[in-house]
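What follows is a short report on a single structure.
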Amino acid sequence: MPSMPPKTAPARELEARILQNIEGHQLSPDAQQLRLIGTLSSTAASGFSGDLHGAYIYGPPGRGKTLIINALVASLPPQTTARFHFHEFFQNLNSPKNRVPGQRLGAIFSQGLARELKGLQILVFDEFHCTEPGDAMLMVRLVKYCAEHSIFLVATSNYEPEKLLDDDAFHHLVQPTIAAIRENFAVFELNGAVDYRTLDSDDQEFKHGYRAGTLSVGINAEPGSELRELIRIGYDEIGPACVVGETIWISFAQLCGTRRNTADYLELIQRFTRWHITGIPASLGLPMDEERRLANVLDIFYDRDIELHLYTADRLEHLGSMLHDTERDRLASRLAQLKLIELERMGL
């Protein structure tokens, strides 16, 4: 890992702005988070150099990684800074609207990088990880592009660099990128004992978007309207679902029981701001493909801060039982932010 740049006046000013932004959310960083903020302010203020190409922050869910990088982005010039979620970024690059008939996929990707990253000095990626070889190759090209164009890359992940694409058959695809991260990035592990998302809070600031959602156990509420429609998505349709303005009621079977992917979910949440997913079965013994899709939905809705109401057969306490420990912990962390409603608690 390269040596850290000195704490210059611009670095101290950036650190102060980051802290001010976090304290504006009525939160006080702990000692480990303060060290990370100091590292980020020093490296980001110094920018891309021959020795330092970026910062890689990893650790369990709920330790404040996203909060801190959001405060970093808010403290930097918007003309030269951008923040993306990993899957959303690559879905946008490969969108049909950006394709020219007959154009090779590699050319689409290269031109997309040039288009999306034009003029940037600092690029921030949240949820930096991949489970598929195709995503791994996109990641490799992204890191290389940033190095070639002197773009300082800040990435957060639940995984240490060596666990990227943790599959023996394909891990070799990302080994050069892992080496580049270890050699040229400031690598910081944020592994505090407290998952802040699991702490109860009555602060109304948190009662919007995703945190305004609910997890209703043993309740399978239906909308008052019986009007249902099929929703066009790409070359396919999903539903029929009940749509009232920007609110949608849709079943788990329709959303996760069919072959849906990240691109489908990202397209759908652009149309609706309040979601009700009904008929979610017991989490124990849930088929792995359906479990992964539900996990994907929770990740995407959390990242985009979309209000989400789940109607389940249990508390989803077994969700992720067949997934990697880190994935399971992330699910539990995000589910903990939804208000729990149970029949017995309602006096029924």
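Against the criterion of being among the aliphatic types (A, V, I, L, M) and within 20 Å of D167 (Cβ to Cβ), L323 qualifies. Does R63 satisfy the condition of being in a helix (DSSP H, G or I) and either open to solvent by less than 30 Å² (accessible area, probe 1.4 Å) or touching a residue at least 40 places away in the same chain (Cβ under 8 Å) (or both)? Against the criterion (in a helix (DSSP H, G or I) and either open to solvent by less than 30 Å² (accessible area, probe 1.4 Å) or touching a residue at least 40 places away in the same chain (Cβ under 8 Å) (or both)), R63 does not qualify.
To keep it simple, each residue is scored yes or no on (1) within 13 Å of V73 (Cα to Cα); (2) touching a Gly at 6+ places or on another chain (Cβ under 8 Å).
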position: P2; (1), (2): no, no
position: P6; (1), (2): no, no
position: E13; (1), (2): no, no
position: R17; (1), (2): yes, no
position: H25; (1), (2): no, no
position: P29; (1), (2): no, yes
position: L34; (1), (2): no, no
position: L40; (1), (2): yes, no
position: G50; (1), (2): no, no
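Taking the range 301-317 as the range and being assigned to a helix (DSSP H, G or I) and either farther than 17 Å from D126 by Cα or modelled with pLDDT of 85 or more (or both) as the test, the residues that pass are F301, Y302. Counted as qualifying within the range 207-299 are the strands (runs of 3 or more DSSP E) with 2 or more residues that are surrounded by fewer than 13 Cβ atoms within 10 Å (Cβ to Cβ), namely 229-233, 236-244. Inspect the range 33-47 for any residue being open to solvent by 20 Å² or more (accessible area, probe 1.4 Å), of a type in the set (S, T, N, Q), modelled with pLDDT of 85 or more and in a helix (DSSP H, G or I) and give the result as yes or no. So far as the range 33-47 goes, yes, one or more of its residues are open to solvent by 20 Å² or more (accessible area, probe 1.4 Å), of a type in the set (S, T, N, Q), modelled with pLDDT of 85 or more and in a helix (DSSP H, G or I). Among the residues of the range 6-34, the one identified as among the charged types (D, E, K, R) and under 26 Å from A332 (Cβ atoms) is D30.
Every condition in (1) over 24 Å from R83 (Cβ atoms); (2) open to solvent by 60 Å² or more (accessible area, probe 1.4 Å); (3) in a helix (DSSP H, G or I) is met by D329 except one, and the failing one is (1).
The values are calculated or read from the model by the stated rules, or taken from the named source; none is laboratory data. Predicted model only: the values in this text are computed from it and were never measured. Quick reminder, even Gly has a Cβ in these numbers, built from the backbone with ideal geometry, and neighbours come from all protein chains shown. Calculation scope for accessible area: heavy atoms of the full protein, side chains included, ligands and nucleic acids excluded. Shrake-Rupley method; radii C 1.70, N 1.55, O 1.52, S 1.80 Å.
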